[in-house]
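Below you'll find the structure, written out as structure tokens, and then a few comments.
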Amino acid sequence: MKLSAIKENYLYAKSLSAPAKAIATIKANAYGHGAIEVANELADVADAFGVACIEEAIELRDAGITQPILLLEGFFTADELVYISENNLWCAIHNQFQLDALKASELSQPINAWLKMDSGMHRLGFLPEEYADAYQQLSTMKQVNNIVHMSHFSSADDLSSPSTKQQTELFIETIGKLPGEVSIANSSAILSKAVAGRTQWVRPGIVLYGASPIDDQQIAKPLKPAMTFATKIISQRTINKGDGVGYNALWMADKTTKIGTVSIGYADGYPRHAPNGTPVFINGKKSQVLGRVSMDMLMVDLSMFEQQDCIGFDVELWGDNISVCEVAKLSETISYSLFCGLTRRVSKSYTK
Ligand SMILES: *Cc1c(COP(=O)(O)O)cnc(C)c1O
């Protein structure tokens, strides 16, 4: 894991959104990159961090992270409020249950509330017609000291979709003259500058880790991948024309072929749906997956190394040379899911 890449990507996302402040989204263990390590790396630049639930925030506070932390879904049960107020957690408020619980709570410090509007995603938030009333309720509570307006895009990764513009207009229009800062952009909207200059806060996530949720061609500066998912060749053999490889012989040699076995499989988080031909990078050369990915291993083409002993060769599954987005696309998933899917068995190491 290259931590400096995450810092560069954060600063780049922030520069695209200037003068907005940026919540570094490090939920789900920083998309599999290690929340504490990433938070420490960004501690001197990040305006705040974003996580999904209080357990993730507690982990960061216990590790000594002092920046504000936004709970992107707020609290789930009222008993979380005491910790939230005592530990400077910012809190999304998206339904009447939360408003009632907050109003009934006894807190030592008032909290910073991020009032969420459902502007079209239909996942969390108050509908536009309910929004002013929710704002009114919050603004009169002694438990609240600041309100930020928040919403989330459903289709910002699809540049041809009209919904990003529609959601933005609806959100801004509904806020109207209500006081408070505004936040709506995720990574896709930051990269496509969908709301540039119109909000005070952005919430970059996947972009921090160097994977673009939109077509790379649209980005001025290449993102830096932070993660290299890599291992070694543990076995090699030469098979004959007509021989099948792996479970169900999903790949068959059409000529005598040297193949290798790699010590990573779907139990490590490599996608089982990666088809024949999915690129891998071996000892400085591009190669490909052959046959079905198994639990602990997968097979690759070594025909470019016919004369060499390949045991111990480095294999990159994704990183600087193999785009995680390409592997994701071939496997009919997304980079987010591949990053978050790495399992406990995969050991992480960090460089600056
Ligand atoms: C996860 C999340 C983000 C970050 O999304 P990316 O697509 O990774 O940039 C932003 N806002 C909310 C509410 C989120 O849940």
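Values quoted throughout were computed directly from the atomic coordinates according to the rules given, and no laboratory measurement underlies them. What you see is a predicted model, and the numbers here were worked out from it, not measured in a lab. Glycine also receives a Cβ, built like all others from the backbone with ideal geometry; neighbour counts cover every protein chain displayed.
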Label point at Glu130 placed 7 Å out along Cα→Cβ; residues across the stretch 83-117 whose backbone nitrogen lies under 14 Å: 93-101, 115-117
The stretch 63-189 shape via C-alpha gyration tensor axes, a/c threshold 1.5: prolate
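Based on the alpha-carbon gyration tensor of the chain, what equivalent-ellipsoid semi-axes (square roots of 5 times the eigenvalues) come out, in whole Å, largest first?
Largest first, the chain gives 45, 20, 17 Å.
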For the stretch 148-189, diffusion coefficient by Stokes-Einstein and Kirkwood Rh (Cα), 37 °C, 0.692 mPa s, µm²/s: 305 µm²/s
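State which helices in the chain qualify, where a helix is a whole DSSP H run, it must extend 20 Å or more along its own axis by its Cα atoms, and its mean Kyte-Doolittle hydropathy must be at least -1.0.
3-17
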Antiparallel bridges, percent of DSSP beta bridges restricted to the chain (to nearest 5): 50 percent
Spherically averaged projected area of the stretch 1-69 from its Cα convex hull (nm²): 4.2 nm²
Amide proton proximity set for Ser287, modelled H, under 5 Å, gap of 5+: Val280, Phe281, Ile282
